[in-house]
1. With the Cα gyration tensor of region B:148-219 giving a ≥ b ≥ c as the square roots of its eigenvalues, does the rule (a/c under 1.5 for rounded; else a/b larger than b/c for prolate; else oblate) give rounded, prolate or oblate?
2. If a paramagnetic tag sat 7 Å from the Cα of B:Asp151 along the Cα-Cβ line, which residues of region B:107-125 would have the backbone N under 14 Å from that point?
3. Compute the distance from the alpha-carbon center of region B:204-222 to that of region A:1-59, in whole Å.
4. Assuming a ≥ b ≥ c are the square roots of the Cα gyration tensor eigenvalues, decide whether region A:107-191 counts as rounded (a/c under 1.5), prolate (otherwise, with a/b larger than b/c) or oblate.
5. Okay, helix-only estimate at 222 nm for chain A: each DSSP H run of n ≥ 4 adds -39500 (n - 2.57), divide by all residues, round to 500 deg cm²/dmol; what do you get?
6. Working only with C-alpha atoms, what are the Rg and Dmax values of region B:148-287, expressed in angstrom?
7. With an 8 Å Cα cut-off and a minimum separation of 6 or more residues, compute the relative contact order for chain A in percent.
8. Considering every pair of different Cα atoms, what Kirkwood radius, in Å, is found for the protein assembly as shown?
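No lab work stands behind these numbers, since they all come straight from the coordinates. It should be emphasised that the depicted structure is a prediction, and the values quoted were computed from it without experimental measurement. Reconstructed Cβ throughout: ideal geometry from the backbone, glycine too, with neighbour counts over all protein chains shown.
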Number of protein chains: 2
Amino acid sequence: MEFRYYMPVRIVCGRDCVKKGAEEFAAFGKKCLIVTGKSSAGNGALADVQAALARNGQEWTVFDRIPPNPTVESVREGGRLARECGAEFIVAIGGGSPMDAAKAIAMLARQDAGEDIFSYKSGADVLPMVHIPTTAGTGSEVTPYAILTNDEKETKTSISNPAFFPKTAFLDGKYMRGLGQETTAYTAIDAMSHAMEGMLSVRAGELTDALAKESLRILRGELPALTKGEYTDEDRDALLYAAALAGMVIANTGTCAVHSMGYSLTYFHGAPHGRANGLLLPEFFAVCEEKLPGRAKEILGAAGFASHEELAAALAPLLGEREKIGEGLLRGYAHKASVNKNIKNCRVFFGEEDLFRVFSRSVGE
Amino acid sequence: MEFRYYMPVRIVCGRDCVKKGAEEFAAFGKKCLIVTGKSSAGNGALADVQAALARNGQEWTVFDRIPPNPTVESVREGGRLARECGAEFIVAIGGGSPMDAAKAIAMLARQDAGEDIFSYKSGADVLPMVHIPTTAGTGSEVTPYAILTNDEKETKTSISNPAFFPKTAFLDGKYMRGLGQETTAYTAIDAMSHAMEGMLSVRAGELTDALAKESLRILRGELPALTKGEYTDEDRDALLYAAALAGMVIANTGTCAVHSMGYSLTYFHGAPHGRANGLLLPEFFAVCEEKLPGRAKEILGAAGFASHEELAAALAPLLGEREKIGEGLLRGYAHKASVNKNIKNCRVFFGEEDLFRVFSRSVGE
């Protein structure tokens, strides 16, 4: 038994928890920057946050110019705004993009990251953050990661800092009521991928395994709803909780080859992040079944699947029509994935040929 | 789905993790007070800590005058010593007594708690702590509680403060090698009691349930070793991990009626804490089976028991000869338990008659 575990975020879960938990915001200061995506305003989370802040006599500025797959430019703009408005803390509302961007903004509000944010080693002086996920996938609300678009390297790159853990995460499935089927399904697949990849990490331990299996058990139970595209509030709560559990896993284990590969499908083909992972996950497990069969079976089994074929059959209806990408491009993506830092994080070694095999069987012509 | 969860301790688990993780101590300052019991020195933990501190060039003073069931006097003495030696952080080594005492000492080193430590509302200014459990029961290494002997009220009383969460907990089963059978078994029962009582708390939620069930599953697997009194290092690691999981549960849920009752058996009859809980646990569940049958079955089932009778049969060989206490005394203990704050924390209402019933069926004449 050997592992490290750290997840210092206070989780507040329940219907109307933002309104009921208004006092949670009070400790962080008078002025706040709310970071959110353009689409996040409609789900009621922004109104709930504003009501809570108003009740505490706190002031806020809203920054809603975070694009999906946040750019460095957008977080720099957010950092400048945070300084200008004298923000003492950040509230992030939305999916992975606003929540990840908020972390970079909270850092840029206090530190000058220089020319290259990706090579900058950020310190602990980061504005405190409160995160409110409105999709159930990223788990960013309980991780120390911010994943940004890296145009120089043509991929998405994770920046990490223990100070990026939010102080508090509010989980309320009601904010997912208006979410489209695609986003709901893709983000759920992202959560599944986190739990599965986390169990294959070299940093996996007993505690993250227990959390990952609990996440996979819940996601398995939600598969009928995901396939039908019909959700009760209980389904939404369960998905949000499963995503947070999977986030607690990767906060400690990191992700593996699936994420390394998926970034190319997102960067070059616009595949939403969770869908990109879902396209690759079954063939990734086909390799794992060969190289580390016992563990692959354990992980798939925890999600209710006897084999990678069963996983593929379950995910197929959620993914829509597959991309057909030529061999030349896929060889390039395989190379790019092979030098991604996540590859070394996997208990199963994925060489460039393995990565190409997964790509070509998943999205080859 | 409604719960709150917070457990900010960094857990470092594995063989020789203290030596390998020496750098974990470095951040907390130059001078350290090591708080430990007299018996803790022999298990190698103290030597490992001293080696780690020496490697970092840190200085230490050892305070080993913590009695079992720590007194207010002993923690006040520790607090004075911490001030005198200019300790910037505390390392606690031992079972629940030194670990709980260390929290009070870390507070008293920075705050004047006045005449009555139990009614004092302590603030956040508490020395940072590193905890190293050498028994697998209390879970104190991952909780914000310090439980001290309260002579005025003739019981043990918990003082609580989010700042009592240690910064880091090191889990290494090797420190339990020299532990006697009684201590090993009693502390394991304490862990089981934490997991079970946590699931009956009004603050129980999905996440603490998952952790509690994992703890109970592991403890169930260790029952043969506990009954035989023969342990491999893997058994010790598993017990230590199960106790930490159960600690993560009660850090969020608190304990219930069993702990409220057990304190009298400890205070007036010298029953070790875990044994006291074990004596009461089956008859506590007999009441729960009547008043909340579904949940009682779920909890007992998670530990591998079909009924409170099966639990009683499993615990009996570990508990030794039962006390036989007269009705008059037990009525007094039942009254004392009925006004303990933990009673309100239980989903099942335990009135004074219920408490008396549990007492008399467990340890009555």
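1. Working: a/c = 1.40, a/b = 1.04, b/c = 1.35.
Rounded, because the longest to shortest axis ratio a/c is under 1.5.
2. Flagged as within label range: B:116-117.
3. Using only Cα atoms to place each centre, the spacing works out to 29 Å.
4. Details: a/c = 2.92, a/b = 1.52, b/c = 1.92.
Judged from the Cα gyration tensor, region A:107-191 comes out oblate (a/c at least 1.5, b/c at or above a/b).
5. Result for chain A, helices only: -16000 deg cm²/dmol.
6. 15.0, 42
7. Working: 759 pairs, mean separation 57.8, N = 365.
Reported as a whole number, the value is 16 percent.
8. Details: mean 1/r = 0.0374 Å⁻¹.
It works out to 26.7 Å.
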